[in-house]
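Since every read-out is calculated from the coordinates, none of them should be taken as a lab result. In this text, all values refer to a predicted model and were calculated from it rather than measured experimentally. Positions of Cβ are backbone-derived with ideal geometry, glycine not excepted, and every protein chain shown enters the neighbour counts.
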Amino acid sequence: MDKDERNPGFDLTPVTRKETLPSDILRSYLEGEDEEVHLRDYLEVILRRKWIVIVFLISVVVTVTIASFLMQPVYQAKTTIHIQKEEPKVLTFEGVYTIDYWKMEDYYQTKYKILKSRRLAKRVIKRLNLDREPEFSFQDRTVSTADASRVNGPVRSPGERESALIDMFLGRVEVSPVKKSQLVEVKFVSHDPELAAKVANTIADEYIELTLDSKLEATNQAKRWLEKQIEDLRAKLETSEERLNSYVSSSRIIFLDKEKDFQSLQTQKLAELSTELGKATAERISKEALYREIKESGVNNSAILDNPLINSLRSEYASLESEYFKLSKLYKPEYPKMQRLMEQMEKLRSRIEVEAQKVVKAIEADYKAAVKKENYLSAAIEKLSKEVSDFQEKMIQYQILKREVDTNRQLYNNLLQRLKEVGVSASISASNIQIIDRAEVPRAPYKPKKAVNIALSLIVGLFGGVFLAFFVEYFDNTIKTVNEIEKKSRLPVLGMVPAAEDAEGNLICVNSGENGAMAEAFRSISTYLQFSSASKPPKRILFTSPLAEEGKTTLAVNTAMSLIGYFGKGVIVDADLRKPDIHNFMGLDNKTGLSSFLSGNIEFDSLIKGSPYEGLDVITSGPIPPNPSELLSSTRMKELVDGLFALYDFVILDSPPVLGMADSPILSTVVEGVIVVVKAGATPSDALVQTKKVLYSVNSKILGVVLNEIDTKSRYGYYSYYYYSYYGDRKKTREREVA
């Protein structure tokens, strides 16, 4: 096989397009993109974290079971009471203690709070002498331990002892309103069943007594308050009456019949004068207008022209003037008759003027009379308005004083009446609270309910364990499945390798003729490599991993063993110059090796070493150099890989982890493809993504990812294990049939 055939010029560009992948890898890659979360995925998480679920479940169940059997029995007694909305109607008037029906919810909540009040608890404790009971004795540590959480600190003084006793008592009382009713259940728990019933009944009795005492106390307080208020109001009423009488006397206010008659008469008179003033003003305005018009127009005014006397004189004047005009045609002005006519006309003209002046003076006189009338009415109105205003000012103060007297008198009468009613209601004792069912001595303990506790512990333990498993899973970002690789890194998966079964933890080498899950895993990887290119498969391959201890050396050796059956003779190079391991696995001497060759200490002829496995040669790492990256980046390394490919059918390089070191990115530039090894449940997904970015930054071609050390009992590992085992068993069967 010549050099050109051995180096087909495989494309070294990164896998950035999906169409460069093989059909089977591409199909798996694309299916992984559209895969949705399935119920099986949740089941897989639970199965993978089953020990968390089991341990948590057992812990909860055992703890609850032991606590239930060790717990001292507790008995609960119940009393049912009826709280009515209103008190029995004994009186026609309301008492001091009434209910606001608009706040009925607040009323009942207040009643429930009183049932658990410290005042009521103190009455019950005092009535039953509970401080002498063993359960409430602070010397009995066995009993008081259950209530230790309700007692803050040690009990020293009598006051602290009483307060702690009330706290312990209230911690055992439970008030439960019955829905859609006016009933309420009062429950009390105790280690003594008889004591539990006695305390529950006593709480109900003392509650009724406390309610009656509260009403009586409120009534007495109201009575004392009313008596004090009546005395104060009596003094205020007398003072206000004296002030009113003094004001009436000083203001000289006299009421003949009703106090409003005088004010009404003045108001009526003022209204009449206002009407007359309006008429006078209108008359004055009209006469003033006529007077001014005559002044401006003179004798040609219509008021003068329409005068009957003046019209008669003007008519007579007109006839004389007409006659004079006719005679002027026959006679001269000096003619006696003409002169007589002229004299008569002059007399008429003078009389007309005199009469016109009389009309003007009459109009002027009417105008002045109208002005005087208007002024008189205005003065009268102003005087009357002042009298009305003065009277109203006096009446305002009078009304204020009188209203104060009326208010004080009304309040005094009301309080006096209320005092009499309170005195009557104080002698009536009726309660709106009745006991419906008195507490009976309980026959069975209330706590612990062992069966219920154990059942609940099973449920809580199971769901709590599942929640804890998912909680741990949520914070676990390591790669565990093929889907996670394809989803987070967008790289194809070349295969899945089960966990090694070597008890000593040594590297397991799979020969080409072996069967089983491990062998089938590496055959699957070899098959992917064989068909990874449509022209020529990659034969210079670099094995690396994101981090250390992920099994890349194991996969490199075993993949090389599997490729012997596909490609022919090969060589594996231990290019991990920092932590080499292949020489230990092969049992070879590592005094000289790759580092010796790259540094020029040995030649190519003494570099290659044989291995215990036929068809596979080895180049060990040699002594660990101080500058591994510089040696691997030299041209001598590239020449070595090219020279090995000319002698062997395939070359496998085992390199250090990618992250944190430059060795693997350097070596990826001298091979045809890179296989990234990740360890199931150990390699973080971020590390794989970062590895991809680092290799793509140097234009490396990533052939795919191998998921190492998968759990064959999980869903994903089970499928691969079943597949490998199935075909391995079939091959053995065929071999037996041929034999």
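Figures for the structure shown
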{"quantity": "Stretchable slack from LYS116 to ARG292, in nm (0.36 nm times residue separation minus alpha-carbon distance)", "calculated": "53.4 nm"}
{"quantity": "DSSP-assigned coil residues among GluC sites (Glu not before Pro) in the range 179-208, each with at most 16 further Cβ atoms within 10 Å", "calculated": "none"}
{"quantity": "Pairs beyond 29 Å (Cα-Cα), from LYS215/LYS402; LYS480/LYS692; LYS579/LYS609; LYS579/LYS693; LYS347/LYS372", "calculated": "LYS215/LYS402; LYS347/LYS372"}
{"quantity": "Ordering of 452-463, 696-707 by packing [mean C-beta count within 10 Å, highest first]", "calculated": "696-707, 452-463"}
{"quantity": "Charge sum, other residues only, whose C-beta stays under 14 Å from ASN408's C-beta, Lys/Arg counted +1 and Asp/Glu -1", "calculated": "-1"}
{"quantity": "Mean Cβ neighbour count within 10 Å, used as a protection proxy, ranking 38-44, 220-226 highest first", "calculated": "220-226, 38-44"}
{"quantity": "Cut-off under 5 Å, modelled amide H: who pairs with PHE531 long-range", "calculated": "none"}
{"quantity": "Those trypsin sites (Lys or Arg not before Pro) in the range 310-387 that DSSP places in a loop and that have at most 11 other beta carbons within 10 Å", "calculated": "LYS329"}
{"quantity": "DSSP-loop GluC sites (Glu not before Pro) across the range 598-630, with at most 11 other Cβ within 10 angstrom", "calculated": "GLU603, GLU614"}
{"quantity": "Cα centroid separation - the range 40-65 against the range 582-609, whole Å", "calculated": "52 Å"}
{"quantity": "Separation of alpha-carbon centers, the range 107-125 and the range 434-500, rounded to whole Å", "calculated": "42 Å"}
